[in-house]
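Beneath this line is the structure, given in structure tokens, with notes to follow.
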Amino acid sequence: MENQHINESILSEEILEDQKKNRIDHMKYMPGMEDIGSEILDQVVDAMHAYDYDKYTAADVKQAIAHSSRTPEDFAALLSPAALPFIEEIAQAAQIETRKHFGNSVYMFTPIYIANYCENYCIYCGFNCHNKIKRAQLNESEIEKEMQAIAETGLQEILILTGESRNKSTVEYIGNACKIARKYFKVIGLEIYPVNSDEYAYLHACGADYVTVFQETYNSDKYETLHLAGHKRIYPYRVNAQERAIRGGMRGVGFGALLGLDDFRKDAFATGYHAYLLQRKYPHAEIAFSCPRLRPIINNDRINPMDVHEKQLLQVVCAYRLFMPFASITVSTRECARVRDNLVGIAATKISAGVSTGIGSHVDDIEDKGDDQFEISDGRNVEEVYDALLSNNLQPVMSDYIYV
């Protein structure tokens, strides 16, 4: 089955040669990496390998839709090919579930990329260390200018991102960015390289509320061929990042597979099941999903999500909602405005606005601006997204959490 899921759009002659070279063991922890055990990792991987989505029938799908509380087996059925003919019924059920728990509220935020230096060689990513792009890192003064400009748009939630370079973007550097963000925003998220639980505790003390880590793919064999160098190559350390973040005191954790890298049904199942197991182990933790599809990058405009079309994306988003009714679901600017507006009307509950994936893009007087991580499809500003939500009878929410 694996050979059916080789996405040729990622590959080049240079990458194919690099894949043949000897590389470090992707399952062995590097020095300094905290090992919290593999209890949940093993359960997720075993369930993913056992997931045969072709065995599910229309009756299984109908039963999953009818249930008021969905089991992992129901979730598996909702992600199966047998569910596609029932996508309208699934979307209607997901919309009912969303309104039940979130009303018509949709949360707004924007990302801020403060550095794009990276030590990883992820062959599908624009930031990878071998891609010849313009690198940049904002200093504290520039971070403050960017955040001030973002806050003036009315947004109260920020997501801080860096390339995955511990040497350039140290934990202390990220912590200082969180302290600056606390002056301007009520909710602060992080999308950075995975760290140890004590470092997550430090970042939480600096002001961070939640952490998102994209596993990219849960297929460890495929993961090994996509991540050729750097700390990100170590598969178990990345899988366990959310649990370390919770142990470090983070209020919430986000999960996501990059749809199109491998068999998207298995990856979506593993993502949901991973979140489900952590929710059961840590009931207080807030759970979030992101559903990104592959996008073109600088120096490879051929990259595409292969067999993950809009209908399949809707299927994944709705399956997450029916399986994890309370989870936040974010829809990325990788998707066009039409798709995003459609998804927030059905099951997604969080949307970004005024997005740039480059460095120093929110103010004009930052000279050393860095290149973008990937191409975005929805370039609407905050006001435009806000108005679009209102026109669809949805309520834009800037913050759902206030420290007292």
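Observations
- Some residue of the stretch 312-331 being assigned to a helix (DSSP H, G or I), basic (Lys, Arg), surrounded by fewer than 24 Cβ atoms within 10 Å (Cβ to Cβ) and modelled with pLDDT of 95 or more: no
- Once the stretch 43-64 is narrowed to residues that are under 23 Å from the mean Cα position of the chain (by Cα) and either open to solvent by 70 Å² or more (accessible area, probe 1.4 Å) or hydroxyl-bearing (Ser, Thr, Tyr) (or both), the residue that is nearest to THR217 (Cα to Cα) is HIS49.
- Residues within the stretch 167-177 that are of a type outside the set (D, E, K, R) and either buried (at least 22 other Cβ atoms within 10 Å of the Cβ) or in contact with a Phe, Trp or Tyr (Cβ under 9 Å, 6 or more places away or on another chain) (or both), tallied: 6
- Residues in the stretch 79-100 that are polar (S, T, N, Q) and in a helix (DSSP H, G or I): GLN92, GLN95, THR98.
- Only a single item in (1) assigned to a strand (DSSP E or B); (2) of a type in the set (Val, Ile, Thr); (3) over 21 Å from LYS350 (Cα atoms) is not met by ILE174, and it is number (1).
- Selection count where residues are among the hydrophobic types (A, V, I, L, M, F, W, C) and in a helix (DSSP H, G or I), scope the stretch 101-112: 1
- GLY103, sole failed condition from (1) on the phi > 0 side of the Ramachandran plot; (2) under 22 Å from the mean Cα position of the chain (by Cα): (2)
- Of the residues making up the stretch 340-365, those that are of a type outside the set (Gly, Ala, Ser), at pLDDT 95 or above and open to solvent by 10 Å² or more (accessible area, probe 1.4 Å) number 4.
- Residue match in the stretch 21-34 (condition: part of a helix (DSSP H, G or I) and either more than 22 Å from the chain's Cα centre (by Cα) or at pLDDT 95 or above (or both)): no
- Members of the stretch 92-106 found to be surrounded by fewer than 20 Cβ atoms within 10 Å (Cβ to Cβ) and either charged (D, E, K, R) or within 26 Å of TYR386 (Cβ to Cβ) (or both), listed by number: GLN95, ILE96, ARG99, LYS100, HIS101, GLY103, ASN104, SER105
- Filtering the stretch 1-20 to residues that are within 26 Å of GLY272 (Cβ to Cβ) and either touching a Phe, Trp or Tyr at 6+ places or on another chain (Cβ under 7 Å) or at pLDDT below 75 (or both) leaves MET1, GLU2, ASN3, GLN4, ASN7, SER9, ILE10.
- Of the numbered criteria (1) at pLDDT 95 or above; (2) touching a strand residue (DSSP E or B) at 6+ places or on another chain (Cβ under 6 Å); (3) within 26 Å of GLU39 (Cβ to Cβ), the one VAL213 fails is (2).
- ASP18 meets the conditions (1) of a type in the set (Asp, Glu); (2) in contact with a helix residue (DSSP H, G or I) (Cβ under 8 Å, 6 or more places away or on another chain); (3) open to solvent by less than 60 Å² (accessible area, probe 1.4 Å) in every case but one. The failed one is (2).
- Screening the candidates ALA181, ALA205 for the property of being aliphatic (A, V, I, L, M) and either part of a strand (DSSP E or B) or open to solvent by 10 Å² or more (accessible area, probe 1.4 Å) (or both) yields one hit, ALA205.
- Some residue of the stretch 110-127 being open to solvent by 30 Å² or more (accessible area, probe 1.4 Å) and modelled with pLDDT under 95: yes
- Of all residues in the stretch 341-362 being free of Cβ contacts under 8 Å to residues at least 60 places away in the same chain and not aliphatic (A, V, I, L, M), the one that is farthest from MET147 (Cα to Cα): ASN342
The values are calculated or read from the model by the stated rules, or taken from the named source; none is laboratory data. Note that the coordinates shown come from a computational prediction; the quantities given were computed from them, not determined experimentally. In this analysis, Cβ positions are derived from the backbone assuming ideal geometry, glycine residues included, and neighbour counts consider all displayed protein chains. Heavy atoms of the whole protein, side chains included, go into the accessibility calculation; ligands, DNA and RNA do not. Shrake-Rupley method; radii C 1.70, N 1.55, O 1.52, S 1.80 Å.
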